[in-house]
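Read-outs throughout are calculated quantities, based only on the coordinates presented, and are distinct from any laboratory measurement. Quantities reported herein were computed from a predicted structural model and do not represent experimental measurements. No Cβ is skipped: glycine too gets one built from the backbone with ideal geometry, and neighbour counts run over all protein chains shown.
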Amino acid sequence: MWDYSDKVKEHFFNPKNAGAVVDANATGEVGSISCGDALRLTLKVDDDSEIILEAGFQTFGCGSAIASSSVLTEIIKGMTLDEAAKVTNQDIADQLEGLPPEKMHCSVMGREALQAAIANYRGEVWKDDHEEGALICKCFAIDAVMIEEMVWANKLRTVEDVTNFTKAGGGCASCHEDIEAILEKVLAEKGEKFDPTAAPVVAPVKAAVAKAPLTNLQRIKKIEQVLESLRPALMADGGDVELVEVIGNTAYVNMTGACNGCQMAAMTIAGIQQRLMEVLGEFIKVVPATEMSKLVSIEVA
Amino acid sequence: MSDIYLDNNATTKVDHAVVDVMIPYFLEQYGNPSSIHKFADGVARGLKHARQQVQALIGCEHDSEIIFTSCGTESNSTAILSAVKAQPNKKEIITTMVEHPAILSVCDALEKDGYTIHRMPVDKAGRLNLNAYKNLLSDQVAIVSVMWANNETGTIFPVVEMAELANAAGVMFHTDAVQAVGKLPMMLQDTKIDMLSLSGHKLHSPKGIGVLYLRRGTRYRPLLRGGHQERGRRAGTENTASIVGLGKACELALEFIEYENTQVKAMRDRLERGITEQIPHCFVTGDMNNRLPNTTDIAFEYIEGESILMLLNKAGIAASSGSACTSGSLEPSHVMRAMDIPYTAAHGTIRFSFSRYNKMSEVDEVLKVMPGIVATLRKLSPYWSGDGPVANPEQAFAPTYS
């Protein structure tokens, strides 16, 4: 059995807002019956204020799918549609005091149902922006589709390449065989053969032997260089990263495009941080720029 | 009400009598059976006795045909890898789509090494087509591996007949019988089965002990090499306490095999009938007329298995599900998919598996809570409305794939 938080159990055993809202004027339906998770979200939105007055869910799915749906309806009731559009799957997972990595897709489904419902209210057609595959790397929650896309986009050849680009396989290493299978498959599609001893695609940047500590200007320049080298991988996913500020050893970045609100954003930031530390040869903390406001208020106080 | 355990196909409680015979092998007779001193002098006799107890349960001709292993999985791997290694010119394997992963994963790995794997499909009731099987047999086939009984549905395969056919074609035959041993009477010496896997923890002995039956005269290559234990066929110091425990468990299983097929079956039947009569839109999967006596696998349409298990668990009842979510994979059980059970039902399958420790009163307890649990979840389901499924469920709710 999964190690669900008490909050997940609470929302599963006593779900809030179950059932369809009677006079709903927005509906979002997402999920996949073959995967065993599907959700219909119905909203009653006040036409003048665009405030969500009522929200109801109907879910076919496991304990965490039902809990994610339930907590989603609680989060968005009383919000305006613009506010609700900013709710991320991480917000849902946080409200549930965390989900097992295999179950994060339940929170993603919640966010997508919400976006689909908002699009439905506004007369737009919501389009799914990502495909989800079988979870390969349990340490860093990387799925097969993401690995395949990275292998295609960056001409990756070895497990080491995949780990460098996605982090998948960088933890307990139990997924290396699965990653090799993906490499074999994609390389076969490209008419190439998988060779476990192939040279790495991008020679890893050797850690500079820092004789003297970096000045802030040197540090910023180096950080920019590293971000520049990582940018193609992010852009292949429809995202981007922007350096906002460097204070001491903390780099504040904005994740933009598809990275914004993506469940992998936290993972990506961790990956950037690791690469920065390798190259700069010193401890660097990468933090979303949204955290800067907190920092300022502390300084003022 | 004390908790109710209906997950005996997953694993079983160790019988008290089994624990009792094991304890001296931890505390007194803990010597290595290969040693020559008084801490070991009773151990070899204990192992010999256990071998004979296993022999009696599966009805093999010689006790030397019993090889003790660490588990059913090791027995399965040993059987298949031995067959391919001993017959390097044969590059095909016949198995089924509904085998346990302990067989399928080994075959998948061999497929990568260039072997051709014939995975026989099953019909909607989980049955094999024997004519198709006959056509696959050839001198290219290294081994046929077919389970005796399916772990999810309990469906029994005609392994005795299939072994005859394989033998006639000169092909080695292995059966994964971890679910069948102790529940179905068997007399291996009257069959053409060459190898059979069994697992201790499925029949009230501890986890970590298994057996590979190897018919005398069958070509064999060990998986683990080392010392002379098990006549060099499985090296490694014997798990003496567990072997002795398994022996006792086999003796008890033989004693209770009739009880299993009468009393245990009666509990299973009553639960199955009660559920299918009280709850609309559910059905039993597998071959109703040819199943293990202790197993029922019921698909509850329009709801998901893990949710059912969580509510059952809250009510103190333990069972299993073939849903994707209980395993962390994206697909429901390969057994349900092989039987072409629709997704809306495959995700909602619950397996109840009994043992001689269950009581009829427990069946009544489950029947009391089951309708409420299903109704609660259906109220949440987008495929359900009021007292029944929505009209044309697949069209009425067709979510965007996410």
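Observations, loosely collected:
- Range of Cα positions in the range B:273-402 per principal axis (Å), largest first: 47, 31, 28
- Taken about its Cα centre, the protein assembly as shown carries a charge dipole of about 2380 debye when Lys and Arg each add +1 at the Cβ and Asp and Glu each add -1 at the Cβ.
- For the range B:379-389, 3J(HN,Hα) per residue [Karplus equation, 6.51 cos²θ - 1.76 cosθ + 1.60, θ = phi - 60°, Hz, x = Gly/Pro]: 4, 8, 7, x, 8, 10, 8, x, 9, x, x
- Neighbour counts of C-beta atoms inside 10 Å place A:Cys172, B:Cys250, A:Cys35 in the sequence A:Cys172, A:Cys35, B:Cys250, starting with the fewest.
- At most 14 other Cβ within 10 Å, DSSP loop - trypsin sites (Lys or Arg not before Pro), the range A:86-186: A:Lys86, A:Arg122, A:Lys127, A:Lys155
- Distance histogram in 10 Å bins (all Cα pairs of the protein assembly as shown, percent per bin): 3, 13, 19, 21, 19, 14, 8, 3, 0, 0
- Near A:Lys138: Cβ cut-off under 14 Å, other residues only, Lys/Arg at +1 and Asp/Glu at -1. The net charge is -3.
- With eigenvalues of the C-alpha gyration tensor scaled by 5 and rooted, the range A:71-141, Å: 24, 16, 7
- Per-selection Kirkwood Rh - the range B:250-326 (Cα, Å, 1 d.p.): 14.1 Å
- Exceeding the 18 Å Cα-Cα cut-off - candidates B:Lys13/B:Lys207; A:Lys86/A:Lys285; B:Lys13/B:Lys48: A:Lys86/A:Lys285; B:Lys13/B:Lys48
- Under 12 Å, Cβ to Cβ, from B:Tyr259 - net charge with Lys/Arg +1 and Asp/Glu -1: 0
- The range B:1-158: C-alpha gyration tensor shape, a/c 1.5 cut-off, then a/b vs b/c: oblate
- Between helix B:101-112 and chain B: long-axis angle, C-alpha atoms, 0 to 90°, nearest 10: 80 degrees
- Sites excluded, GluC sites (Glu not before Pro) in DSSP loops with at most 15 other C-beta within 10 Å, longest stretch of chain B: B:62-402
- Surface/4 of the Cα convex hull for the range B:192-291, nm²: 9.5 nm²
- Simple Cβ-charge dipole of the range B:152-292, Lys/Arg +1 and Asp/Glu -1, about Cα centre, in debye nearest 20: 640 debye
- Neighbour-count order for B:His16, A:His11, B:His281, fewest beta carbons within 10 angstrom listed first: B:His16, B:His281, A:His11
- Relative to the longest principal axis of the Cα atoms of chain B, the long axis of helix B:159-168 makes an angle of roughly 50 degrees.
- Comparing B:Asp20, B:Asp194, B:Asp176 in a Gaussian network model of chain B (Cα springs below 10 Å), the most mobile by mean-square fluctuation is B:Asp20.
- Relative contact order, whole percent, for chain A stands at 12, derived from Cα pairs under 8 Å and 6 or more residues apart.
- For chain B: rounded, prolate or oblate by the Cα gyration tensor [a/c cutoff 1.5]: oblate
- Cα long-axis angle, helix B:240-259 against chain B (0 to 90 degrees, to the nearest 10): 50 degrees
- Here each label is just a point 7 Å from Cα along the line to Cβ, and for A:Asp82 and A:Glu97 those points are 3.5 nm apart.
- Span from the the range B:253-284 Cα centroid across to the the range A:68-117 one, whole angstrom: 42 Å
- Likely footprinting exposure, A:Val125, B:Val144, B:Val159, A:Val287, fewest C-beta neighbours within 10 Å first: A:Val125, A:Val287, B:Val159, B:Val144
- Taking each DSSP H run with n ≥ 4 as -39500 (n - 2.57) and averaging over every residue of chain B yields -11500 deg cm²/dmol at 222 nm.
- The range B:134-234 shape via C-alpha gyration tensor axes, a/c threshold 1.5: oblate
- Fraction of the pair-distance distribution of chain A above 24 Å, Cα-Cα pairs, percent: 59 percent
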